[in-house]
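What follows is a short report on a single structure.
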Amino acid sequence: MKEPVRVAVTGAAGQIGYSLLFRIAAGDMLGQDQPVILQLLEVTPALKALSGVVMELNDGAFPLLHGIVTSDDPMVAFKDADYALLVGAMPRKAGMERGDLLSANGGIFKPQGEALSEVASRGVKVLVVGNPANTNALIAQQNAPKLDAGQFTAMVRLDHNRAISQLAAKTDSLVSDVKNLTIWGNHSSTQYPDLSQATVGGKKALDLVDQQWYEEEYIPTVAKRGAAIIEARGASSAASAASAAIDHMHDWALGTKDGEWVSMGIPSDGSYGIPEGLIYGFPVTVKGGKYAIVQDLPISDFSRAKMDATAKELEEERDAVRDLGLV
Ligand code: NAX
């Protein structure tokens, strides 16, 4: 049996946490041979609720769960963390301007970035789920000078999984038949679910669907799926978001399959003309715990316009947090 690794999760008493923690404890994220110690961060008023979640984790009698730490202090929860899933964030409330939202989240992700920088394992892999995820990841990253910028990623995997499922349904295929689609850009309504390289059962996806359906139905359905779930369920996506977080960390830690890529929000190195430093959804492959952007994909004019639009939104968010002194 391997030595246990430390997995920090913030917002651990929230609805995503309630799905996520049990999947991690069951070995779905890091493998059935990898014991974990969960290090759970919550705000002080939620610690009582968190203690109930801990009782349930214990009651699960998960063989791979070798310990649980709870705290309202990031310096405790992130201590020696090998993986950090930053789920807790300030949701947009009615009447809140974007500046207010970014500022409130700055109050969360700046100190968390500082704490990760000080106390986490030097190789920590950080995934930001809490919205606005890409820009929250940028805030944490910019406040973690002792870590490498590439250690901070944002979640576009839920969008990626939604895009796979919608395409499989349309083509009457299994999700496992769908390969190599990409979510470019921001986890927001400007994201670009790109089918230009995708295949279904080895056939080019764009030969199987018509362009009008792709542009007018598919892209908006994927981009607005979160709102459709809130409308139907009366609450935002939680189990599917947790599942996507598991997929993101699983593939980052254990690698992607040969010949296949996934979408991750990572710091741009300027590839595909995306401004350097933005945390942007790219097609990536992973080997040995290191991700690499898939290079030299042909980019159509249609794709270019969509990729630039979502980059522009991220630049505006970055400029706003810069003006607030958060990065
Ligand atoms: P909940 O409101 O159920 O839970 C959030 C939890 O975070 C709460 O328990 C709260 O006490 C805690 N929290 C707040 N500030 C904290 C802090 N400073 N330190 C530690 N914990 C803190 O939200 P939930 O449904 O779990 O969603 C969490 C976040 O995920 C939201 O920001 C949501 O917008 C975002 N999402 C992101 C997705 C993505 O694809 N990137 C999809 C799903 C989800 O909407």
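Brief remarks on what is shown
- Across the stretch 19-38, the residues whose backbone nitrogen lies under 17 Å from the label position 7 Å along the beta-carbon direction of Ala235 are 19-23.
- Gaussian network model of the chain, springs between alpha carbon atoms under 10 Å - residue of Val69, Val36, Val200 with greatest fluctuation: Val69
- Rg over Rh for the stretch 132-183 works out to 1.21, both radii taken from alpha-carbon positions and Rh defined as the Kirkwood radius.
- Fully extending the segment from Asp100 to Arg122, taken as 0.36 nm per residue of separation minus the present Cα-Cα distance, adds 4.7 nm.
- Filter on Lys257/Lys306; Lys125/Lys257; Lys203/Lys224; Lys48/Lys93; Lys170/Lys204 - keep pairs with C-alpha separation over 22 Å: Lys257/Lys306; Lys203/Lys224; Lys48/Lys93
- Near Gly27, no amide H atom lies under 5 Å from its own; only residues 5 or more places off or on other chains count, and H is placed 1.01 Å from N.
- For Trp184, nonlocal amide neighbours, meaning residues 5 or more places apart or on other chains whose placed amide H falls under 5 Å from its own, are Tyr192, Asp194.
- Placing dummy labels 7 Å off each Cα toward the beta-carbon, the span from Arg92 to Lys48 is 3.2 nm.
- Sequence ranges 54-60, 214-220, ranked by mean other-Cβ count within 10 angstrom, highest first: 214-220, 54-60
- Solvent-accessible surface of protein heavy atoms, probed at 1.4 angstrom with all chains present, puts His250, His66 in the order His66, His250, largest first.
- Using the Cβ-Cβ distance between Glu217 and Asp148 with R0 set to 41 Å, the FRET efficiency works out to roughly 0.55.
- Separation of the Asp172 and Tyr18 label points, Cα + 7 Å toward Cβ, nm: 3.9 nm
- Cα centroid of the stretch 212-237 to Cα centroid of the stretch 251-283, whole Å: 23 Å
- Springs join every pair of Cα atoms under 10 Å in this Gaussian network model of the chain, and among Tyr272, Tyr83, Tyr280 the largest mean-square fluctuation is at Tyr272.
- Dipole in debye (nearest 20) - the chain, about Cα centre, beta carbon charges: Lys, Arg +1; Asp, Glu -1: 380 debye
- Stokes-Einstein D for the chain, Kirkwood Rh over Cα pairs, 4 °C, 1.567 mPa s (µm²/s): 65 µm²/s
- Carbon + sulfur, % of accessible area of the stretch 156-318 - ligands and nucleic acids excluded, 1.4 Å: 49 percent
- Of all DSSP-defined beta bridges confined to the chain, some 45% are antiparallel rather than parallel.
- Rolling a 1.4 Å probe over the protein heavy atoms of the stretch 19-130, with every protein chain left in place, gives an accessible area that is 56 percent carbon and sulfur.
- Part-to-part distance (alpha-carbon centres) for the stretch 288-327 and the stretch 53-123, which is given in Å: 25 Å
- Selected from Phe22, Phe152, Phe282 as most flexible by GNM, with the chain as the system and alpha-carbon contacts under 10 Å: Phe22
- For a paramagnetic label modelled on Leu324 (point 7 Å from Cα along Cα→Cβ), amide N atoms under 16 Å away belong, within the stretch 78-107, to 88-107.
- Residues with amide H under 5 Å from that of Val5, placed H, sequence gap 5 or more: Val36, Ile37
- Asp269/Ser189 FRET efficiency (R0 22 Å; Cβ-Cβ; nearest 0.05): 0.30
- Spin-label pair Ala61/Lys312, simplified geometry with 7 Å Cα→Cβ offset, distance in nm: 5.9 nm
The values are calculated or read from the model by the stated rules, or taken from the named source; none is laboratory data. Here the structure is a predicted model, which means the values were calculated and not measured. Neighbour counts run over all protein chains shown; Cβ positions are idealised from the backbone, glycine included. Surface areas here come from the heavy atoms of the whole protein model, side chains and all, with no ligands, DNA or RNA. Shrake-Rupley method; radii C 1.70, N 1.55, O 1.52, S 1.80 Å.
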